[in-house]
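Q: Here you go, one structure.
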Amino acid sequence: MACYMYVSLQDDDKVLVFTMDPESGKLTPKSETPVSGGPSPLAISPDRKVLYVGHRGSSEMSSFRIDQDTGALTRTGTLSLEAAPTFLSTDRKGKFVLSAYYQGAHTAVHPVGDDGAVGDPPIEWLETATGAHAMQTDPSNRFAFVPHIAGNGPNAIFQFRFDENTGHIVPNSPPRVEPEEHLGPRHFCFHPTQDILYFSNEQGCSVTGYRLDTSTGTLSAFQTITTLPAGYTERNTCSQIQVSSSGKFLYAPNRGHNSIAAFSVDPTSGRLTAIGQVPTEAVPGSFSLDPEGKFLFAAGTESGRLASYRINGETGELTPLETYSVGQRPSDVLMTNLGG
């Protein structure tokens, strides 16, 4: 198997493809694919054969077949949307593409054809609220969650029941979880072995851990921890979040402080302990760990560069490696293994 990276360049209208050396973490450019309309959010099918791209400028969604030998992309379809997509994912079986619309105040579920291409019309086009920033199903594929940031949005996580056979979603009971503080939940990730979700809080500059009741599909918060060093008071917002494949470490970028916050994860309780912050490129809007959890790559939205780090497998600490110039407004970074 080989490790590949996909980077969407929203202002350059293209998606870049790199390979990563498994020992050094070094990236090698392989190809680039023109994608008009401001390519931004990326998602990959569970079988890793199809890449989905959201166009934030033209309010579209495209499907690309992935060459398993080279990582190259071949477009298989594009469809128009009613708003600009902010986030894409597939359900756990790859039968549906889920999407969230920040300004559009909606979530959607689209069918996937036999060829992996996303289909139209959507099965669901459901109004939630302004600030919808992500949408994913849980490991059981029976529940879905949609965080909404604060300020323009309701500062809440919407909870849904998801039908993996039809793609329909209905509000769960209760329909939302609302933090008492002005946190602004933005993106989230699932712990690989525990029934826990971690949300990055855009306005709260923090991470909140939630326990998932696997019978009801509802969330309950158990910890909120800052991503910033003590005494920092300047403007900052959090963006994405990811937990390592081992479940031992969690990372969340700071936009403003321009750093990657690192945490260790207690193997029993799931509680986080701060490791510290490592400087990174200006406005780190997107980042990704490689599938083995050995390296981290963070894209500077303003700098047009990609910073790479080696992850200490014992402590979770990040050691800076190389920095790569990639292009204008790198908006999403996605890493995957292909072949084999």
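Q: Give region 326-340 a look and list any residue that's in a strand (DSSP E or B) and of a type outside the set (Ser, Thr, Tyr), or say none.
A: Pro330, Asp332, Val333, Leu334, Met335, Asn337, Leu338
Q: Please verify whether region 223-236 includes one or more residues that are touching a residue at least 12 places away in the same chain (Cβ under 8 Å) and among the small types (Gly, Ala, Ser).
A: No, there is no match, as no residue in region 223-236 is touching a residue at least 12 places away in the same chain (Cβ under 8 Å) and among the small types (Gly, Ala, Ser).
Q: Go through (1) over 19 Å from Phe87 (Cα atoms); (2) modelled with pLDDT under 95 one by one and return the number of the condition Asn152 breaks.
A: (1) is the only condition that Asn152 fails.
Q: Let me ask another. Would you please name the residue that is surrounded by the most Cβ atoms within 10 Å (Cβ to Cβ), looking only at residues in region 86-102 that are closer than 19 Å to Val7 by Cα and out of contact with any Pro (no Cβ under 6 Å at 6 or more places or on another chain)?
A: Top of the filtered list is Thr90.
Q: Could you tell me which residue of region 20-48 is surrounded by the most Cβ atoms within 10 Å (Cβ to Cβ), considering only residues that are more than 22 Å from Ser80 (Cα to Cα) and within 20 Å of the chain's Cα centre (by Cα)?
A: Among residues in region 20-48 that are more than 22 Å from Ser80 (Cα to Cα) and within 20 Å of the chain's Cα centre (by Cα), the one surrounded by the most Cβ atoms within 10 Å (Cβ to Cβ) is Met20.
Q: I've got another one for you. Consider only pairs whose beta carbons are under 7 Å apart and that are at least six residues apart or on different chains; among these, list those whose first residue lies in region 2-18 and is farther than 14 Å from Gly71 by Cα and whose second residue is modelled with pLDDT of 95 or more and aliphatic (A, V, I, L, M).
A: What qualifies is Ser8/Val15; Ser8/Leu42; Ser8/Val53; Leu9/Leu16; Leu9/Val326; Asp13/Val35; Lys14/Val35.
Q: Okay, next question. Being over 22 Å from Glu60 (Cα atoms), free of Cβ contacts under 8 Å to residues at least 12 places away in the same chain and outside any strand (DSSP E or B), is that true of even one residue in region 171-185?
A: The answer is yes; a qualifying residue exists.
Q: Being more than 17 Å from Leu42 (Cβ to Cβ) and either buried (at least 18 other Cβ atoms within 10 Å of the Cβ) or touching a Gly at 6+ places or on another chain (Cβ under 9 Å) (or both) is the filter here; which residues of region 306-322 pass it?
A: Within region 306-322, Ala307, Ser308, Tyr309, Arg310, Ile311, Gly313, Gly316, Glu317, Leu318, Leu321, Glu322 qualify.
Q: Quick check on region 264-284: of everything there that is in a strand (DSSP E or B) and in contact with a Gly (Cβ under 8 Å, 6 or more places away or on another chain), which residue is surrounded by the fewest Cβ atoms within 10 Å (Cβ to Cβ)?
A: Selected residue: Ser264.
Q: Please identify the pairs in which a residue from region 43-65 that is within 17 Å of Met335 (Cα to Cα) has its Cβ atom under 8 Å from the Cβ atom of a residue that is among the charged types (D, E, K, R) and in a loop (DSSP other than H, G, I, E, B), counting only partners at least 6 apart or on another chain.
A: Pro46/Arg92; Pro46/Lys93; Arg65/Lys49; Arg65/Asp115
The values are calculated or read from the model by the stated rules, or taken from the named source; none is laboratory data. Not measured: the values here are computed from a predicted model. Glycine also receives a Cβ, built like all others from the backbone with ideal geometry; neighbour counts cover every protein chain displayed.
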